[in-house]
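A.B. asks: Handing you this structure, nothing more for now.
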Amino acid sequence: MRKLIIFTSIVLIFALGCEQKSIDVEKKVLGENNGSEICTYTLTNKAGNILKVTNFGAKIVGIEVPDKFGNKENVTNGVDNIDAIIKGDLFGGATIGRFANRIANAKFTLDGIEYKLPENNRPNTLHGGPNGWYVKVWDAEILKSKNPTVKFTYISPDMEEGFPGTVNVSVTYTWTDKNEVIIDYSATADKKTVINLTNHAYFNLHGTGKGYIFEHIVTIKASAYTPLDSTKIPTGEIVAVKGTPYDFTEPKTVGHNIGETFGDKIFMGYDDNYVLDNKEEVDAIVYEPKTGRVMEVITDEPGMQFYSGNSIAWRRSLEGGNTAPANIRSGLALETQHFPDSPNKPNFPSTTLNPGEEFKSRTIYRFSVREN
């Protein structure tokens, strides 16, 4: 059954709108888009490390943390630039909804009613459709709490992108002194609907634009995954990872199995949903030996999409002036979520949200270093 995790946190709303200020949260107005003000919010912890987010798509655009030598780099593929935020990779770093990942044949049935969705990943719907939450301008609040915190809210109207029910959703980012990005999701609906939320950040622990992610060492605490058909829709099976390239139960590099023969074809990389064991606090670990940077992923979600950046290219020209060629596989994603196509797969954990219920979920990305 779907997890409905109820928890409370006592916070005080410090201010509303783009013109917010706080000792540890700094706002910057980037400009306007279709009459809405686009801002970034820079959250700084006691060590001077930075999380930067924007109200466009409620997305992460920067995480600046040190390596084992003390050098700080942005380790997520984002920039503080309005053109890059609006016209660049719209998924990168964004809050994805109303339904993250794919829905088969752009339709699902709920209580006997078929809902038709846009086909933006033919023949399927991807990440809530072409006008999903990743392109919406969210309202913003700076919350006065123990750690720098920004809360984004959005009201998704009934039948937006074909989904039933008006949904009130919030995404709260907290940046701790332990270099943890805590992402808290909350949603309610006035009509029975489906919901699946994730953050779509890409990570490169070398630092953004500084190389490939093939040698990043990954551990995923998942003994099973959901195989895909030719259109990247789960077949409905849940299959053990043992003996397949999908096995990250023991640490191995991203590129360890890429290029090998698996089944009757060459294995080209990962864009797959893992069935998390959810037995330990930490669900996934990424380690980059040269810098010593470590990223741990902690979640209460049942699944995680591992994407090995098969087509992700970081174009340094977005930073201004530098037109160095793009590097394919320059970032990886670990998107905590429910399983793809869950509304059409009754054996998968439910993504149904009923009126009177509140969906809550938390994901943490924790950064640290190893000396050796």
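A.B. asks: With each label point set 7 Å from Cα along the Cα-Cβ vector, what nm distance links K46 and D139?
C.D. replies: Label-label distance for K46 and D139, simple model: 3.4 nm.
A.B. asks: So, one more: Can you tell me the relative contact order of the range 12-369? Whole percent, Cα pairs under 8 Å, sequence separation 6 or more.
C.D. replies: Over the range 12-369, the number comes to 18 percent.
A.B. asks: Oh, and also: Under unit Cβ charges (Lys, Arg +1; Asp, Glu -1), what dipole magnitude, rounded to 20 debye, does the chain have relative to its Cα centre?
C.D. replies: In debye, rounded to 20, the chain gives about 360.
A.B. asks: Under 5 Å between amide H atoms, partner at least 5 residues away or on a different chain: which partners does K191 have, H built in plane at 1.01 Å?
C.D. replies: When sequence neighbours closer than 5 places are left aside, the close amide H contacts are T166.
A.B. asks: For the chain, what is the calculated [θ] at 222 nm in deg cm²/dmol (nearest 500), taking -39500 (n - 2.57) for each run of four or more DSSP H residues and dividing by its residue count?
C.D. replies: Computed ellipticity for the chain at 222 nm equals -500 deg cm²/dmol.
A.B. asks: If you build a Gaussian network model of the chain, linking Cα atoms that sit under 10 Å apart, which residue out of T244, T253, T153 swings the most?
C.D. replies: Top of the fluctuation ranking is T244.
A.B. asks: Return the distance in nm (one decimal) between the two label points of a simple spin-label model at H256 and A240, each offset 7 Å from Cα along Cα→Cβ.
C.D. replies: 1.7 nm
A.B. asks: Still on this structure, please answer the following. Which one of T291, T231, T198 has the biggest mean-square fluctuation once the chain is modelled by GNM with Cα springs under 10 Å?
C.D. replies: Of the options given, T231 has the highest mean-square fluctuation.
A.B. asks: Can you compute the radius of gyration and Dmax for the chain, using only the Cα atoms, both in Å?
C.D. replies: 19.7, 59
A.B. asks: To make sure I understand, if each residue's beta carbon is the centre and we count other beta carbons within 10 Å, what order do V169, V75 fall in, fewest to most? Could you put the intermediate results ahead of the total?
C.D. replies: Values: V169 24, V75 27.
Result, fewest neighbours first: V169, V75.
A.B. asks: Further question: Given contacts defined as C-alpha pairs under 8 Å and at least six residues apart, what's the relative contact order of the range 153-266, whole-number percent?
C.D. replies: This gives 16 percent for the range 153-266.
A.B. asks: Something else about it: Using a Gaussian network model of the chain with C-alpha springs under 10 Å, which one of G209, G243, G128 is most mobile by mean-square fluctuation?
C.D. replies: Sorting by GNM fluctuation, first place goes to G243.
A.B. asks: Further, regarding this structure: Post the alpha-carbon centroid distance, the range 164-221 to the range 33-87, in whole angstrom.
C.D. replies: The two parts, judged by their Cα centres, are 14 Å apart.
A.B. asks: Next up: By counting other Cβ atoms within 10 Å of each Cβ, how are H256, H216 ranked from fewest to most?
C.D. replies: H256, H216
A.B. asks: Hey, another quick one. Once the piece of chain linking M268 and E281 is laid out straight, how much longer is it, given 0.36 nm per residue of separation minus the C-alpha distance between them?
C.D. replies: 1.6 nm
A.B. asks: Answer rounded, prolate or oblate for the range 172-256, using the Cα gyration tensor with square roots of eigenvalues a ≥ b ≥ c: rounded when a/c is under 1.5, else prolate when a/b is larger than b/c, else oblate.
C.D. replies: Oblate, since a/c reaches 1.5 and b/c is not below a/b.
A.B. asks: Can you tell which of G48, T261, V275 lies farthest toward the positive end of the dipole of the chain, using +1 and -1 charges on the Cβ of basic and acidic side chains (Lys, Arg; Asp, Glu)?
C.D. replies: So the residue furthest toward the plus end is G48.
A.B. asks: Sticking with this structure for a sec: For F267, F248, what ranking results if the residue with the fewest other Cβ atoms within 10 Å of its Cβ goes first?
C.D. replies: Fewest-to-most Cβ neighbours within 10 Å comes out as F267, F248.
Here, each number is a calculation from the coordinates, and none is a lab measurement. In this text, all values refer to a predicted model and were calculated from it rather than measured experimentally. Reconstructed Cβ throughout: ideal geometry from the backbone, glycine too, with neighbour counts over all protein chains shown.
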